[in-house]
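S.K.: My questions all concern the structure below.
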Amino acid sequence: MTNKLDELALQTFLDNQEQLFPEPVADTPEEAEAFLEDCLAVVLDNKRDVIDYIGDSMDIEGMTDEEVLDSPEVFALEDGRYLVIMG
């Protein structure tokens, strides 16, 4: 787990935040960073880390790995990492 909200994670959230929220919650990278820190969002290095992390917080029994990764709380980053918002 890197847990670093870098420029890619912030921009990905800004571009795709409506997959989790009905309307935008942030308009700038600074607002996104503050919001994600409040939500205790994490950046994870790979699919397995995402599945393990989410499995520690919610019941994912019976879900396929793809179903977990397609959850609205999971944002795939273009470099192969994932932003996960559980708060």
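S.K.: Within the stretch 59-87, which residues are touching a residue at least 12 places away in the same chain (Cβ under 8 Å) and hydroxyl-bearing (Ser, Thr, Tyr)?
M.R.: Across the stretch 59-87, the qualifying residues are Ser71, Tyr82.
S.K.: Then there's this: Could we say that Leu83 is assigned to a loop (DSSP other than H, G, I, E, B), surrounded by 13 or more Cβ atoms within 10 Å (Cβ to Cβ) and in contact with a strand residue (DSSP E or B) (Cβ under 7 Å, 6 or more places away or on another chain) here?
M.R.: no
S.K.: Going through the stretch 69-80 one residue at a time, which ones are part of a loop (DSSP other than H, G, I, E, B) and either open to solvent by 30 Å² or more (accessible area, probe 1.4 Å) or in contact with a His (Cβ under 8 Å, 6 or more places away or on another chain) (or both)?
M.R.: Asp70, Pro72, Glu73, Glu78, Asp79, Gly80
One line per residue, one yes/no per condition, for (1) open to solvent by 70 Å² or more (accessible area, probe 1.4 Å); (2) under 19 Å from Asp6 (Cβ atoms); (3) assigned to a strand (DSSP E or B):
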{"residue": "Pro22", "(1), (2), (3)": "yes, no, no"}
{"residue": "Glu30", "(1), (2), (3)": "yes, yes, no"}
{"residue": "Phe35", "(1), (2), (3)": "no, yes, no"}
{"residue": "Leu40", "(1), (2), (3)": "yes, yes, no"}
{"residue": "Val43", "(1), (2), (3)": "no, yes, yes"}
{"residue": "Val50", "(1), (2), (3)": "no, yes, no"}
{"residue": "Gly55", "(1), (2), (3)": "no, no, no"}
{"residue": "Glu67", "(1), (2), (3)": "yes, no, no"}
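The values are calculated or read from the model by the stated rules, or taken from the named source; none is laboratory data. The model shown is predicted, which means the values in this text are computed figures rather than measured ones. Virtual Cβ from ideal backbone geometry, glycine too; neighbours counted across all protein chains shown. Just so you know, the surface numbers come from the protein's heavy atoms only, side chains and all, with ligands and any DNA or RNA stripped out. Shrake-Rupley method; radii C 1.70, N 1.55, O 1.52, S 1.80 Å.
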